[in-house]
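One structure below.
The values are calculated or read from the model by the stated rules, or taken from the named source; none is laboratory data. Small disclaimer: the values here were computed from a predicted structure and weren't measured. A quick note on method: Cβ atoms are made from the backbone with ideal geometry, for glycine too, and the neighbour counts reach across all protein chains shown.
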Amino acid sequence: MRATSPISNSIVPRESIAANALTLVIGIMTFLLCLTFGAVSLVSDTASSWKNDIAREVTIQIRPADGFDMENALKTAQQIASGMKGIKSVSIINEAATARLLEPWLGAGLSLDELPIPRLLSVKLKQGERVDFDELRRQLISAVPGASLDDHQAWSDRLNTMAGATVFIGLSIMALVMSATILTVIFATRGAMSSNQHIVEVLHFVGARDNYVAEQFQRHFLALGLKGGAIGGVMAIFTFIIIGIWTGQNIATPEGDQVTALFGTFSVGLIGYAGTAVIVVLISFLTAMTSRRTVLRHISTLDNK
């Protein structure tokens, strides 16, 4: 074993500018992969949470008209909805709450008596039970003029489409980054072999096993992959933590409110951090296997020369 160590060191230079550059490139690629995976995980979790919230609630809207008794219409709609199977509770959104909902667009101090603003009822659904929305809609329209039922199906479909498109784009980006990493390792392996090509050829022609030569490059690039992957993974985790702290400290600000509305507390969760660790291991494995495959392919061409 000791006799082969100097040869191993001469086959693959342990420390060089090219090796340091490759480590940096792998670190950057891993960082981008982890950020993309974290973003995809975050969007997927947020979309799932939004979908669950939408699925647990529907809305009844009643439009006002001249000589229309809105309060009586609200109570009638509440009674009809409360009697349907699968409905947990029905609550009337009062004027103050309606004014708060419209405040971002119409300003504070809004008087609903001055404008023909529709009134809303929030209908909570029982989990796991199916509601006959067609029958509920028919009864509401029959008993309450100007009533309509919004089961949020259109929003749910759009949300599924948006989340699916985001996940597809994220996975596509990850595939491109991995492809770029593999190409980088291939060129780096060829560069390392070209600088020590005479040693590789001598070992091959004197009868050294191809796997022995390939293992020297595999170990070397595995170490580079682990080092670069760990750097990129730690940077990604640090970025997740910093953004999480920032959103936590700016919840009451307009910027924080916008981020919270879109992504909650911007926490990637356990899946995000576990995915980061998996990506680091995967990048290291791909780096080692790509290098090994490149060396074996190169050695197989020596006998044809």
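May I ask you to list pairs of residues, at least six apart or on different chains, whose Cβ atoms are under 7 Å apart, with the first in the stretch 138-152 being among the polar types (S, T, N, Q) and the second being at pLDDT 90 or above and part of a helix (DSSP H, G or I)?
Hits for this filter: 139/80.
Out of 159, 171, which single residue is at pLDDT 85 or above and under 30 Å from residue 33 (Cα atoms)?
After applying the criteria, what remains is 171.
Whether any residue in the stretch 31-39 is more than 13 Å from residue 237 (Cα to Cα) and assigned to a helix (DSSP H, G or I) is what I want to check.
Narrowing the stretch 31-39 to residues more than 13 Å from residue 237 (Cα to Cα): none.
No, that holds for no residue.
If the requirement is being of a type outside the set (S, T, N, Q) and over 30 Å from residue 56 (Cα atoms), which of these qualifies: 219, 138? Walk me through how you get there before you give the answer.
Values: 138 fails: over 30 Å from residue 56 (Cα atoms).
Sole residue among the options that is of a type outside the set (S, T, N, Q) and over 30 Å from residue 56 (Cα atoms): 219.
Looking only at residues that are surrounded by 14 or more Cβ atoms within 10 Å (Cβ to Cβ) and in a helix (DSSP H, G or I) in the stretch 83-100, which one is farthest from the chain's Cα centre (by Cα)?
Only one residue tops the list, namely 95.
Which residue, of 61, 78, is in contact with a strand residue (DSSP E or B) (Cβ under 6 Å, 6 or more places away or on another chain), at pLDDT 85 or above and within 11 Å of residue 118 (Cα to Cα)?
It is 61.
Could you grab me the full set of residues in the stretch 170-192 that are within 23 Å of residue 20 (Cα to Cα), hydroxyl-bearing (Ser, Thr, Tyr) and without any contact (Cβ under 8 Å) to a residue 12 or more places away in the chain?
Listed by number, the list holds a single entry, 179.
With the condition being assigned by TED's automatic domain parsing to the domain that holds residue 279 and crowded, with 16+ Cβ neighbours inside 10 Å, I'd like the helices (runs of 4 or more DSSP H) fully within the stretch 114-219 carrying at least 2 qualifying residues.
So the answer is 153-195, 197-205.
I'm told residue 35 meets every condition in (1) modelled with pLDDT under 85; (2) surrounded by 13 or more Cβ atoms within 10 Å (Cβ to Cβ); (3) closer than 30 Å to residue 161 by Cα except one. Can you identify the failing condition by its number?
Tallying (1) modelled with pLDDT under 85; (2) surrounded by 13 or more Cβ atoms within 10 Å (Cβ to Cβ); (3) closer than 30 Å to residue 161 by Cα, residue 35 fails exactly one: (1).
Looking only at the stretch 159-169, decide whether some residue is among the hydroxyl-bearing types (Ser, Thr, Tyr), within 30 Å of residue 122 (Cβ to Cβ) and touching a residue at least 12 places away in the same chain (Cβ under 8 Å).
Yes, some residue in the stretch 159-169 is among the hydroxyl-bearing types (Ser, Thr, Tyr), within 30 Å of residue 122 (Cβ to Cβ) and touching a residue at least 12 places away in the same chain (Cβ under 8 Å).
Give the residues of the stretch 40-54 that are hydrophobic (A, V, I, L, M, F, W, C) and out of contact with any Phe, Trp or Tyr (no Cβ under 9 Å at 6 or more places or on another chain), sorted by residue number.
If the condition is that a residue be hydrophobic (A, V, I, L, M, F, W, C) and out of contact with any Phe, Trp or Tyr (no Cβ under 9 Å at 6 or more places or on another chain), then 40, 47 are the ones that fit.
Would you be able to tell me the number of residues in the stretch 55-82 that are touching a Gly at 6+ places or on another chain (Cβ under 8 Å) and assigned to a helix (DSSP H, G or I)?
The number of residues fulfilling the criteria is 1.
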